[in-house]
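The values are calculated or read from the model by the stated rules, or taken from the named source; none is laboratory data. Just so you know, these numbers come straight off a predicted model, no measurement behind them. Because the Cβ atoms are built from the backbone with ideal geometry, glycine has one as well, and the counts that use them run over all protein chains shown.
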C-alpha cells in the first residue's frame, strides 16, 4: 500500500536508533502502534495514519542531521550511562534531535565519530558486509616488524573469529614506541587493540581519523561540526556502491546453487 513502510524503518528514520536497535525494541515489546503492543518485526505502518510510541513516548519523524565529532578519551558512545560518566552525545548540547553514534569508540580511544538520527545510513556504515573503511592512528609499544604488519593484513585469530586489516603501515617512531596507520572494515569490539595485543604490541593511544571519505582533519578535541552536503553525498554514494556490490555477490552465489534456475 502507498505510504506503508516497515516499522523498524520508520523508527530509524524518526531518530530512535539503527534498524537493528529498533528491531530489538520491537522484539522486547517496547513499541506500540495505536496503543497496541507489537512484536512483529515485519509489521508495516502508515506514518500518516498510525500513532507509534516507544516506551509509551510518541515517536515523531525528525529532520535527519549529521555531525562529525572529535571524541576525547573518557567519553562513552552510549546515550544512557547509569554511572553518569561523560558521553559523546554530551558534546552536542545544541542539537535538538535525538542523535546516536554510528559505531563505537571505546572509552580509552579518541577521534572521529559520526552522530546522526539516520538509521539507514548508520546501518550502511556499520554493517561489516558493506566494508566501509575506518582509518586509525595507533601508538603501539615497541617496533612492529614487517612480519607483524603482514600478519595484520593476512589475519589474526581472536576469540570471535579471524580479523584482518585492509591496510597498515608505519607512520613514525616515537621513542621506544611506533605510530601505525591502520585501516579496518569490520569494526568488532576493541578490534585494533586485540589484534595488536595478539602480536605482543600494547596499544598506548588510538585515534580514529577517518570514516570512509569523512576526515577528522583539524576538528578540535571535544568539538563537533556538521557534515557538509558534499561529504554526505560522497558518503551515501560510497554506501550505495558497497550495497550494490553485496547484492551482486548474493545474486552470483544464488545463480551457482545446484538445482536452482541459472545453476
Might you let me know whether the range 190-203 holds any residue that is within 17 Å of the chain's Cα centre (by Cα), surrounded by fewer than 17 Cβ atoms within 10 Å (Cβ to Cβ) and not in a strand (DSSP E or B)? yes
Members of the range 22-56 that are within 22 Å of residue 97 (Cα to Cα) and free of Cβ contacts under 8 Å to residues at least 24 places away in the same chain: 23, 24, 26, 50, 51, 53
How many residues, within the range 92-102, are assigned to a loop (DSSP other than H, G, I, E, B) and in contact with a strand residue (DSSP E or B) (Cβ under 8 Å, 6 or more places away or on another chain)? 4
Got a number for residues in the range 130-152 being in contact with a strand residue (DSSP E or B) (Cβ under 6 Å, 6 or more places away or on another chain) and part of a helix (DSSP H, G or I)? 2
Just a yes or no: is a residue in the range 138-155 touching a residue at least 24 places away in the same chain (Cβ under 8 Å), within 27 Å of residue 222 (Cα to Cα) and out of contact with any helix residue (DSSP H, G or I) (no Cβ under 7 Å at 6 or more places or on another chain)? yes
Given the conditions (1) part of a strand (DSSP E or B); (2) more than 23 Å from the chain's Cα centre (by Cα), which single one is not true for residue 114? (2)
Looking only at the range 1-31, which residues are surrounded by 18 or more Cβ atoms within 10 Å (Cβ to Cβ) and part of a strand (DSSP E or B)? 31
From 73, 69, 89, residue being surrounded by 14 or more Cβ atoms within 10 Å (Cβ to Cβ) and in a loop (DSSP other than H, G, I, E, B): 73
Does the range 210-238 hold any residues that are at pLDDT 90 or above, farther than 19 Å from residue 74 by Cβ and not in a helix (DSSP H, G or I), and which are they? 210, 211, 214, 215, 217, 218, 225, 226, 227, 228
Confirm whether residue 157 is within 30 Å of residue 141 (Cβ to Cβ), surrounded by 15 or more Cβ atoms within 10 Å (Cβ to Cβ) and not assigned by TED's automatic domain parsing to the domain that holds residue 75. no
Does residue 261 meet the test of being surrounded by 12 or more Cβ atoms within 10 Å (Cβ to Cβ) and at pLDDT below 90? no
